[in-house]
Amino acid sequence: MRKMRKGKGDGLFRESRAVAEVELDGSGSAQVSSGSGFLDHMLTALARTASMDLTAQADPGFWKTEALGSAIGLALDRSLGERRGIRRYGSASVPMDEALADVALDFSGRSYLVMAGEFRSERIGDYDVQLLQPFLEALTVGARLTLHVRFYGENDHHKMESIFKALGFAIREAVAIEGTAIPSTKGVI
């Protein structure tokens, strides 16, 4: 019987705080309370496509998006432990009507984010689209992963949703168990 891969994260960013828990071998369920209905919808899509269970809550505060990204990233990092046996790399392309997002990631132990694409509007529902990059930056730092995101399209909702779904599929691929070794020529991540 394989050990459950669970992790908890407590994100603190300036005066804002968030908590998260992930179970990598879950069913794709999500219970999230980010303070934004739209971001909750995106995090639910992320959990579903990653096939991981996600519980996350952000306290009110100006930096809650960053705190939430940090908490989810830390929970991912802790659920992977020393990253023994994982595939390590993952990528996905997700179309949504006229929009397309390409996501590639590496659970390398090194945090880095590259984003290419633009949104037409400042908001999607109750979510400020300028908060996506700080959320993903905090996620990459917490999870100690390298993340590349490219996207295009006409509809901002479609672009954002394709990003979160592609991220979920890439995470699912990268955390898949393929053996027992640490996937690094150095023997440590």
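The values are calculated or read from the model by the stated rules, or taken from the named source; none is laboratory data. Computed from a predicted model, the values in this text were never measured in an experiment. FYI the Cβ positions are ideal-geometry reconstructions off the backbone, even for glycines, and counts take in every protein chain you see. Keep in mind that these areas ignore ligands, DNA and RNA; they rest on the heavy atoms of the full protein, side chains included. Shrake-Rupley method; radii C 1.70, N 1.55, O 1.52, S 1.80 Å.
Summed over the stretch 3-50, residues that are farther than 14 Å from PHE135 by Cα, buried (at least 17 other Cβ atoms within 10 Å of the Cβ) and among the charged types (D, E, K, R) total 4. Looking only at the stretch 92-105, decide whether some residue is of a type in the set (Ser, Thr, Tyr), touching a residue at least 40 places away in the same chain (Cβ under 8 Å) and under 18 Å from THR140 (Cβ atoms). No, the stretch 92-105 contains no residue that is of a type in the set (Ser, Thr, Tyr), touching a residue at least 40 places away in the same chain (Cβ under 8 Å) and under 18 Å from THR140 (Cβ atoms).
Across the stretch 18-32, the qualifying residues are those that are part of a strand (DSSP E or B), free of Cβ contacts under 8 Å to residues at least 40 places away in the same chain and out of contact with any Asp or Glu (no Cβ under 7 Å at 6 or more places or on another chain), and the one among them that is farthest from ARG84 (Cα to Cα) is GLN31. No other residue among LEU43, LEU74, LEU54, LEU12 is under 13 Å from the mean Cα position of the chain (by Cα) and over 27 Å from THR180 (Cα atoms) apart from LEU43. Go through the residues of the stretch 154-165 one by one and say whether even a single one is within 14 Å of the chain's Cα centre (by Cα), on the phi < 0 side of the Ramachandran plot and either in a loop (DSSP other than H, G, I, E, B) or basic (Lys, Arg) (or both). Yes, that holds for at least one residue.
In the stretch 153-171, of all residues being in contact with an Asp or Glu (Cβ under 8 Å, 6 or more places away or on another chain) and open to solvent by 30 Å² or more (accessible area, probe 1.4 Å), the one that is farthest from TYR127 (Cα to Cα) corresponds to GLU154. Only one of these conditions is not met by ALA174: (1) under 18 Å from GLY109 (Cβ atoms); (2) open to solvent by 40 Å² or more (accessible area, probe 1.4 Å). Which number is it? Evaluating ALA174 over (1) under 18 Å from GLY109 (Cβ atoms); (2) open to solvent by 40 Å² or more (accessible area, probe 1.4 Å) leaves (2) as the failure. Considering only residues in the stretch 126-149 that are polar (S, T, N, Q) and either surrounded by fewer than 18 Cβ atoms within 10 Å (Cβ to Cβ) or modelled with pLDDT under 95 (or both), the one that is farthest from GLU82 (Cα to Cα) turns out to be GLN130. So for the stretch 77-85 (the condition being touching a residue at least 12 places away in the same chain (Cβ under 8 Å), under 26 Å from HIS158 (Cβ atoms), touching a strand residue (DSSP E or B) at 6+ places or on another chain (Cβ under 9 Å) and open to solvent by 70 Å² or more (accessible area, probe 1.4 Å)), does at least one residue qualify? No, the conditions are met nowhere in the stretch 77-85.
In the stretch 89-125, which residues are touching a Gly at 6+ places or on another chain (Cβ under 7 Å) and crowded, with 18+ Cβ neighbours inside 10 Å?
Listed by number, the residues that qualify are ALA99, LEU100, LEU105.
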